[in-house]
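Asker: After the structure tokens below, expect a handful of questions from me.
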């Protein structure tokens, strides 16, 4: 118990110590009775860091809305940093405030296990995967008919992970472009806009070519006369 109290007191002093060369023009309470919690996210944070930050800040601020706030600072190395700050001391500047204790308890939990909430992290990871696929469709246009299949990204993720046993691990480069194209092919979500790409992909992989009508192809082939039936 003594070690616990000593550690909390140590962290409280560290939290309220203004860093050197740190410009701050906010509340006068900062670095007096308020300070840092070391619960942050920045421009380069991965999905896990963002999920932990969002879950923990919402949990703490929901319980003590007057004792926490999120401040954004600019940093030359990591761009903007979102930082949870909180009341560290009561007005007597001696008694450690309960909100700070709860913030430190969250840090202890993350030391034991790095995920604040599995379900919340899974949801944010799924959203990030969808956004990544939409970005992929922007830089690799013509493969998928987005207008015809608005939920294509969700279906492709399911196809990749469940039927093709390929999980999203973008840091290690999976899935590859070829995997995504194969999943789109399996679902038959192909677009006539990229018919030449599809024919090339199918020929290279010994797959049956998609069947497009003359009218579909004519929209994207200036040398093809549109035919009406």
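Asker: Helices (runs of 4 or more DSSP H) wholly in the stretch 24-143 with at least 3 residues that are free of Cβ contacts under 8 Å to residues at least 24 places away in the same chain and in the same structural domain as residue 171 (by TED's automatic domain parsing) - which ones? Steps first, please.
Answerer: Numbers: elements: 47-63, 98-112, 118-139.
Per the criteria, 118-139.
Asker: Within the stretch 9-23, track down each residue that is surrounded by 15 or more Cβ atoms within 10 Å (Cβ to Cβ) and in a helix (DSSP H, G or I).
Answerer: 11, 12, 15, listed by residue number.
Asker: So, one more: Among the residues of the stretch 162-170, are any over 16 Å from the mean Cα position of the chain (by Cα), loosely packed, with under 11 Cβ neighbours inside 10 Å and outside the structural domain of residue 70 (by TED's automatic domain parsing)?
Answerer: The answer is yes, given that some residue of the stretch 162-170 is over 16 Å from the mean Cα position of the chain (by Cα), loosely packed, with under 11 Cβ neighbours inside 10 Å and outside the structural domain of residue 70 (by TED's automatic domain parsing).
Asker: For the stretch 118-135, check the following and say yes or no: at least one residue is buried (at least 19 other Cβ atoms within 10 Å of the Cβ) and closer than 22 Å to residue 216 by Cβ.
Answerer: no
Asker: Do we find that residue 6 is under 30 Å from residue 124 (Cβ atoms), outside the structural domain of residue 132 (by TED's automatic domain parsing), out of contact with any helix residue (DSSP H, G or I) (no Cβ under 9 Å at 6 or more places or on another chain) and assigned to a helix (DSSP H, G or I) in this structure? Spell out how you get there, then give the answer.
Answerer: Working: under 30 Å from residue 124 (Cβ atoms): no; outside the structural domain of residue 132 (by TED's automatic domain parsing): yes; out of contact with any helix residue (DSSP H, G or I) (no Cβ under 9 Å at 6 or more places or on another chain): yes; assigned to a helix (DSSP H, G or I): yes.
Taking the combined requirement at face value, the residue does not satisfy it.
Asker: Name every residue in the stretch 124-153 that is under 19 Å from residue 51 (Cα atoms) and in contact with a helix residue (DSSP H, G or I) (Cβ under 8 Å, 6 or more places away or on another chain), in order of residue number.
Answerer: Of the stretch 124-153, the ones under 19 Å from residue 51 (Cα atoms) are 124-132.
Those that are under 19 Å from residue 51 (Cα atoms) and in contact with a helix residue (DSSP H, G or I) (Cβ under 8 Å, 6 or more places away or on another chain): 124, 125, 126, 128, 129, 130, 132.
The values are calculated or read from the model by the stated rules, or taken from the named source; none is laboratory data. Every value quoted in this text rests on a predicted model; they were computed, and no experiment measured them. As a convention, Cβ positions derive from the backbone with ideal geometry for all residues, glycine included, and neighbour counts pool all protein chains shown.
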